[in-house]
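Notes to accompany the following structure.
The values are calculated or read from the model by the stated rules, or taken from the named source; none is laboratory data. Nothing here was measured: the structure is a model prediction, and the numbers come from that model. FYI the Cβ positions are ideal-geometry reconstructions off the backbone, even for glycines, and counts take in every protein chain you see.
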Amino acid sequence: MDTMRKAALPRDLKSRNYREVLRVIGAKKQFTIANLSDSTDISRQTITKAIEYFLGEEVITPSKKSESTKVGGRKAQEYMLNTGKYIVAVSVYAKKIRIALLNFFCELIQSYENEFVLTSSYEDFLKNIKIYSERLLKENAIPDENFYGIMVCIGGIIDSKSGSIKVSSAFSNWGRNIPIKENIQKMFKKEIQVCVGNVAAISANMLLMSKETVRKRVAVLYLDYGVGMTLLEDGKIPETRHNVCGELGHMVINMDSQEACECGDKGCLEVLIYEKNIYKMAQALPEERRKLIFDDYDDKEDFRIHILKKCDAGNEDAIAITDYLAEIFGTAMRNIMFAFDPDMFVLMGSFSDWSNYFKNKVLDVIRKNICLFDLDIPIQKLSSNTEEMMDKGSVSAMLQSFLDYND
């Protein structure tokens, strides 16, 4: 794969400046050199060299020709992301896999969804990626040279540099240290870029230039079959020494718990509020009370959300389970408050549709600590749907990975 991109980075432009330029490009979509310089505080000379580089690599294209102004001279040249380049975004959820064809402009061309249970094999996972990726490219007549690569978003401890899954949050039957990037590249005869990222980190990418998050410390929580958190500082994901971005779920909450996690610990947040464990709690109820919990349950819905709805309807067992969830989750969020002191929390994923009762219970748990009693703790559910979040995050992360590929 080293032969795929032979152009070397200009020596006078550091990698961090490339990242900053690409981050703003992804947010603005259409821009001038002056726009980028004002938004990044990087000199126009450096921005110009970056533009030349990205033009050569076909990441961006000129959007329209310069025109004369009324007072003389020419208007500044405008550029845009290359809408002729495409990626396939693979998003793995608790009960399905979604494979979407997107362009660099974050436009969804077409997507497929397929049932994908947590007992599915790794071989089936790879097979799904190959079949549906090739189908999307063929049905939309995308030539090989316009297919940039594949972005895989999955829960677990991910080594993004090597593109391997150290441990999957949900697919324990897959084993450890899975070279997913290498395996996918071998499946395709043509050379393509393959990136693998934790769902929490990928979904947070779409918030990088949001007005609500700039100049703030934001804890982005992704809640699905796993629990992940990515911290944003002033619209940026801080670089860390260790590859555990998004792994909030492996914070130990209950030292006395015997519930073992794939990470090697017991009593992790992820295990304690895992959907299947909440399902077990409900199944263990006496028959008549169990029927009241399950009478209108649609197994396509996150069972924890079903419990919250039953709680709002006044079911006593659902109220008890909701209180348990709030105690566990509130404890984790209290730890986040002390460790990171975020200005706000943003919720994403299937378990982010919290009821007011649950939210207030979580806040009560956080405020048990006298230091946090009077603290304002904004909790915001992202308005975009999960698919849209993952699409935007995948494109943004793929653009950033362009630099990793050339480092």
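From the set of residues in the stretch 333-354 that are part of a helix (DSSP H, G or I) and in contact with a Lys or Arg (Cβ under 7 Å, 6 or more places away or on another chain), which is farthest from ASP224 (Cα to Cα)?
We begin by selecting, within the stretch 333-354, every residue part of a helix (DSSP H, G or I); these are 333-340, 350-352.
Applying the additional criterion that residues be in contact with a Lys or Arg (Cβ under 7 Å, 6 or more places away or on another chain) yields 340, 351-352.
On the way: PHE340: 22, PHE351: 6, SER352: 8 Å.
Applying the filter and picking the extreme gives PHE340.
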**Report entry** VAL71 vs. criteria modelled with pLDDT under 85, of a type in the set (A, V, I, L, M, F, W, C) and touching a Ser or Thr at 6+ places or on another chain (Cβ under 9 Å)
**Finding:** no
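Among the residues of the stretch 149-166, which ones are crowded, with 21+ Cβ neighbours inside 10 Å and out of contact with any His (no Cβ under 9 Å at 6 or more places or on another chain)?
Keep residues of the stretch 149-166 that are crowded, with 21+ Cβ neighbours inside 10 Å, which gives 149-158, 163, 165.
Of everything in the stretch 149-166, those that are crowded, with 21+ Cβ neighbours inside 10 Å and out of contact with any His (no Cβ under 9 Å at 6 or more places or on another chain) turn out to be GLY149, ILE150, MET151, VAL152, CYS153, ILE154, GLY155, GLY156, ILE158, GLY163, ILE165.
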Query raised in the report: With respect to the numbered conditions (1) without any contact (Cβ under 8 Å) to a residue 24 or more places away in the chain; (2) touching a strand residue (DSSP E or B) at 6+ places or on another chain (Cβ under 6 Å); (3) not basic (Lys, Arg), which one is the sole condition not fulfilled by SER162?
Result: (2)
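Within the stretch 262-271, count every residue that is in a helix (DSSP H, G or I) and either of a type in the set (Asp, Glu) or over 30 Å from VAL167 (Cβ atoms) (or both).
Final tally of qualifying residues: 1.
Being among the aliphatic types (A, V, I, L, M) and at pLDDT 80 or above is the filter here; which residues of the stretch 233-266 pass it?
Going through the stretch 233-266, the residues among the aliphatic types (A, V, I, L, M) turn out to be 237, 244, 248, 251-253, 255, 260.
Result: MET251, VAL252, ILE253, MET255, ALA260.
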Query raised in the report: Which members of the stretch 368-382 meet the condition of being under 19 Å from VAL218 (Cα atoms) and either assigned to a helix (DSSP H, G or I) or modelled with pLDDT of 90 or more (or both)?
Result: LEU372
Requested in this report: State whether the residues of the stretch 103-111 include one that is buried (at least 20 other Cβ atoms within 10 Å of the Cβ) and of a type outside the set (Val, Ile, Thr).
Outcome: yes
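Is it the case that TYR357 is without any contact (Cβ under 8 Å) to a residue 60 or more places away in the chain, of a type in the set (Ser, Thr, Tyr) and not in a loop (DSSP other than H, G, I, E, B)?
On the way: without any contact (Cβ under 8 Å) to a residue 60 or more places away in the chain: yes; of a type in the set (Ser, Thr, Tyr): yes; not in a loop (DSSP other than H, G, I, E, B): yes.
Here the answer is yes, as TYR357 does meet what is asked.
Hey, can you tell me all the residues within the stretch 96-108 that are touching a Ser or Thr at 6+ places or on another chain (Cβ under 9 Å) and either in a loop (DSSP other than H, G, I, E, B) or within 19 Å of ALA200 (Cα to Cα) (or both)?
The initial filter retains those residues of the stretch 96-108 that are touching a Ser or Thr at 6+ places or on another chain (Cβ under 9 Å), namely 97-107.
Once the filter is applied, which keeps residues that are touching a Ser or Thr at 6+ places or on another chain (Cβ under 9 Å) and either in a loop (DSSP other than H, G, I, E, B) or within 19 Å of ALA200 (Cα to Cα) (or both), the stretch 96-108 yields ILE97, ARG98, ILE99, ALA100, PHE104, PHE105, CYS106, GLU107.
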